Amino acid sequence: MGFWDSIKSAALKAKCTVGIHGGNYKLIEGETCKYSKICPDCHETIKTEKHQLGKAEYKFDYKCLTVKKCIKCGQEHEGEKHEEYENVDVDDFCNVMQRCRSERIHGKEHSWTSDGSTDTHHLFRCMKCGAKSEEKKVNFKSR
C-alpha cells in the first residue's frame, strides 16, 4: 500500500468514526418507515427511520401543542405552534401575560411617572411595581 492509499484509508476510518458513513439506505423488508444500509468503508450496518409527516394539527383546543402523523405508519411527532398573541393582563410586577391558544408571561409593561431629576438625568418610577429608570438630559449648549 502506497503513501496516498494509507492517507485515504485513514480518512475513511476517521469519517466512519465520526458517524459519516457511505452507502444508500434501503427499506427493511417487512417494515414501513425503517431503513438500513451497509457502509462500504467500515462494513457497519446503520439503521434509521424516515417518516413522511403530514400537516401539523393542534392536538387540543386552547393549547399550542401540535401533532404531525406519518402518512405511512401513523407515528405521531409532537411540536408547538403559537399564533396571534394578545395581551391579557399585567400583574403587580408589570409582567405582561399574553394568550395565544395558551398563556405566557412576556416582557414588562411599566406605568412610568416622574420621580424628580438630577443635574444630568430625569428620574422615573413605575407607579405599579416601583421599578426605577433614568434618562440623560439633553443639553444643546454642550455640542
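Subtracting the Cα-Cα distance of GLU135 and HIS77 from 0.36 nm times their residue separation leaves 15.9 nm of extension gain.
Shown is the FRET efficiency for TYR62 and ILE7, computed with R0 = 41 Å from the Cβ-Cβ distance and rounded to the nearest 0.05: 0.10. Taking a straight Cα-Cα cut-off under 18 Å and skipping sequence neighbours fewer than 8 places away in the same chain, the aspartates and glutamates within cross-link reach of LYS37 are GLU29, GLU49.
Want the number for HIS122 to THR17: 0.36 nm per residue separation, take away the alpha-carbon distance, what's left? Contour length minus the Cα-Cα distance gives 31.5 nm.
Considered as an equivalent ellipsoid built on the Cα gyration tensor, the range 86-137 has semi-axes of 30, 9, 6 Å, the largest given first.
Could you give the Stokes-Einstein D for the chain in µm² per second, using the C-alpha Kirkwood radius, 10 °C, 1.306 mPa s? Estimated diffusion coefficient is 72 µm²/s. Only helices enter the 222 nm calculation for the chain: every DSSP H run of n ≥ 4 contributes -39,500 (n - 2.57), and dividing by all residues gives -3500 deg cm²/dmol, rounded to 500. DSSP loop GluC sites (Glu not before Pro) in the range 21-108 with at most 13 other Cβ atoms within 10 Å of their Cβ, which ones? Here the GluC sites (Glu not before Pro) that fit, given the DSSP loop and packing criteria, are GLU29, GLU31, GLU44, GLU83, GLU84. Seen against the Cα atoms of the chain and their longest principal axis, helix 3-17 is set at about 60 degrees.
Throughout, read-outs are computed from the coordinates displayed, never taken from laboratory work. No experiment lies behind these values; they were computed from the predicted model shown. Reconstructed Cβ throughout: ideal geometry from the backbone, glycine too, with neighbour counts over all protein chains shown.
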